[in-house]
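These notes concern the structure reproduced below.
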Amino acid sequence: MLQHLDTLITARLHGLGWPAEAFVELLLAGFAGGMIGLEREVRGRQAGFRTNILVAVGSALVMIVSSRIPYHDWPADPARHINVTIDPARIAYSVMTGVGFLGAGVVVQYRGSVRGLTTAAGIWCVAALGLASGLGLYLLVVFGALLVVAALWLLDHFEAMLPKARYRNVVLRRPWVDGCVGDTVRRLQDAGMHVADVSYTRSDDLRSVDVDARVSFFERKSVWDLDARVGADGVVDVISVGET
């Protein structure tokens with residue numbers, strides 16, 4: 001069924017002649033890149049609507065040029081046995097390598113966490129869709145674009161339902177007494193947090209101490225009402241909660 005549909009679509013577009021077919025391939029690549037770029041744009045990511053369209057259309061254009069190279073009227077000299085050998089796939093290799101550098105530009109490290117990996121992977125997929133469109137694999141482009149959008153959009157909601165460990169640096173201030181650091185750790189554990197590491201700094205007058213703890217937790221509300229959980233008796237004050 002799908003093979004028959006693909007053959008029918010390909011035959012119809014071939015009948016338009018290669019310039020018109022190439023124009024359709026560019027439009028299809030731009031549409032696929034635009035679908036993915038729109039999802040990234042709505043989420044406020046680094047590479048958005050225009051970037052993904054440009055990557056898809058550019059990749060398709062490169063693939064079209066690469067596939068048309070064998071049809072070029074290359075000069076030949078039978079007497080000197082000159083023969084031109086062309087591998088259209090080599091340009092595709094170069095495109096994917098170049099897009100890898102482009103994707104690396106959106107990957108950043110922020111406060112110990114890495115961001116932009118999904119956007120970089122999306123750019124790489126968009127380039128692949130553009131190459132497929134330029135080669136005339138029309139149904140593959142449509143299905144591939146739908147799968148990428150589903151992975152970025154639908155699976156994002158599914159991922160939000162999965163339990164995920166989150167890490168934070170928590171700074172707590174309290175009066176200094178013997179055993180106060182251990183008591184602070186127990187308060188954090190009672191608040192539903194796992195304490196991975198602890199350091200502390202006493203004030204200049206030695207009357208108070210700032211406890212700096214690296215914690216992990218699964219429920220976001222563990223941070224939202226942290227002050228009420230660990231400082232309900234007024235002994236401990238939450239100074240800051242930041243990403244590790």
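Please treat every number below as a calculation from the coordinates, not as lab data. The model shown is predicted, which means the values in this text are computed figures rather than measured ones. Cβ atoms come from the backbone with ideal geometry, glycine included; neighbour counts cover every protein chain shown.
Points worth noting:
- The angle separating the long axis of helix 2-14 from the principal Cα axis of greatest extent in the chain is about 60 degrees.
- For I9 and R115, a Förster radius of 45 Å and the Cβ-Cβ distance give a FRET efficiency of 0.70, rounded to the nearest 0.05.
- Dipole magnitude of the chain about its Cα centre (Cβ charges: Lys, Arg +1; Asp, Glu -1), debye to nearest 20: 100
- Compactness index (Cα Rg / 2.2 N^0.38 Å), the range 86-190: 1.80
- Residue order, fewest to most beta carbons within 10 Å, for Y71, Y200: Y71, Y200
- The fewest-to-most ranking of F143, F158 by surrounding Cβ atoms within 10 Å reads F158, F143.
- With Cα atoms, 0 to 90° folded angle of helix 18-42 axis to the chain main axis: 10
- Calculated SAXS-style log₁₀ I(q)/I(0) at q = 0.26 Å⁻¹ - the range 166-243, Debye, Cα scatterers: -1.34
- Nearest-ten-degree value, helix 49-68 long axis tilted from longest Cα axis of the chain: 30
- Zero-based 10 Å bins, Cα pair distances in the chain, whole percents: 7, 22, 19, 15, 13, 10, 7, 4, 2, 0
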